[in-house]
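Let me begin by presenting the structure, written as structure tokens, before commenting on it.
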Amino acid sequence: MRIVAGAWRGRQLRAPAGPATRPTADRVRQALFDMLMHAPWMDPLGGGRSVIEDAVVLDAFAGTGAMGLEALSRGARFAVFYERESEALKALNANIAACRAVDRCLVVAGDVLRAGAGARPSKPSAGMPPASLVFLDPPYGGDLVPAALTHLQTVGMIAPHALIVAETGRDETWLPEHPVLEERRYGAARILVFCV
């Protein structure tokens, strides 16, 4: 697993052993970011580059942090990562350090469904603006995407008109209340892109 493009292109990323973490494959990340950069529906949103460059990113259910780090590599300003599994946290922190991105990241060791209710960040987050680009990639099958989305909006962590990239299992049928800009399937994964 590696960073696909941008300043850290080719940088190897660490992933914990075992089935608890399911990193998004390099080819899927490549396809997803290509879509974000070039999809025709991005023009009314200000164009693909402006959605990523200088963005504040929220990588919920972060795992290895590959999605947030890919966004930082491509010019995002800052990324907040939520992860609760200890082995994934070790890999996430190692990946951030390997990219020399500690000053552009905030890692919260806790459950994103409890964000704003006692999860402890690794450094202060005072003045952190809400995220304009959000990645939601939880374990499949638990209706965690709608639960996380509702909670994060309620506690003010998602900016108005933020772009949401949500990954569910291929056979899950949930749809957001907002119009879906793109829906794609890759293997066992189903990816939905929409604005809130």
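The values are calculated or read from the model by the stated rules, or taken from the named source; none is laboratory data. Here the structure is a predicted model, which is why all the values come from computation and not from measurement. Cβ: placed from backbone, ideal geometry, glycine included. Neighbour counts: every protein chain shown.
Test residue 132 against the criterion of being modelled with pLDDT of 90 or more and either in a helix (DSSP H, G or I) or small (Gly, Ala, Ser) (or both), and give yes or no. Spell out how you get there, then give the answer.
Details: modelled with pLDDT of 90 or more: yes; either in a helix (DSSP H, G or I) or small (Gly, Ala, Ser) (or both): yes.
Considered against the rule, which asks whether it is modelled with pLDDT of 90 or more and either in a helix (DSSP H, G or I) or small (Gly, Ala, Ser) (or both), residue 132 comes out as yes.
Looking at region 13-29, which of the residues that are within 15 Å of residue 71 (Cβ to Cβ) and either exposed (fewer than 14 other Cβ atoms within 10 Å of the Cβ) or aliphatic (A, V, I, L, M) (or both) is modelled with the lowest pLDDT?
So, considering only residues that are within 15 Å of residue 71 (Cβ to Cβ) and either exposed (fewer than 14 other Cβ atoms within 10 Å of the Cβ) or aliphatic (A, V, I, L, M) (or both), the one modelled with the lowest pLDDT is 28.
Residue-by-condition table, conditions (1) modelled with pLDDT under 95; (2) touching a strand residue (DSSP E or B) at 6+ places or on another chain (Cβ under 6 Å); (3) buried (at least 22 other Cβ atoms within 10 Å of the Cβ):
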residue: 53; (1), (2), (3): yes, no, no
residue: 65; (1), (2), (3): no, yes, yes
residue: 73; (1), (2), (3): no, no, no
residue: 106; (1), (2), (3): no, yes, no
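With the condition being surrounded by fewer than 20 Cβ atoms within 10 Å (Cβ to Cβ), among the hydroxyl-bearing types (Ser, Thr, Tyr) and in contact (Cβ under 8 Å) with a residue 40 or more places away in the chain, I'd like the strands (runs of 3 or more DSSP E) fully within region 140-196 carrying at least 3 qualifying residues. Write out each step before concluding.
Details: elements: 158-169, 180-186, 189-195.
Fully inside region 140-196 and qualifying: nothing.
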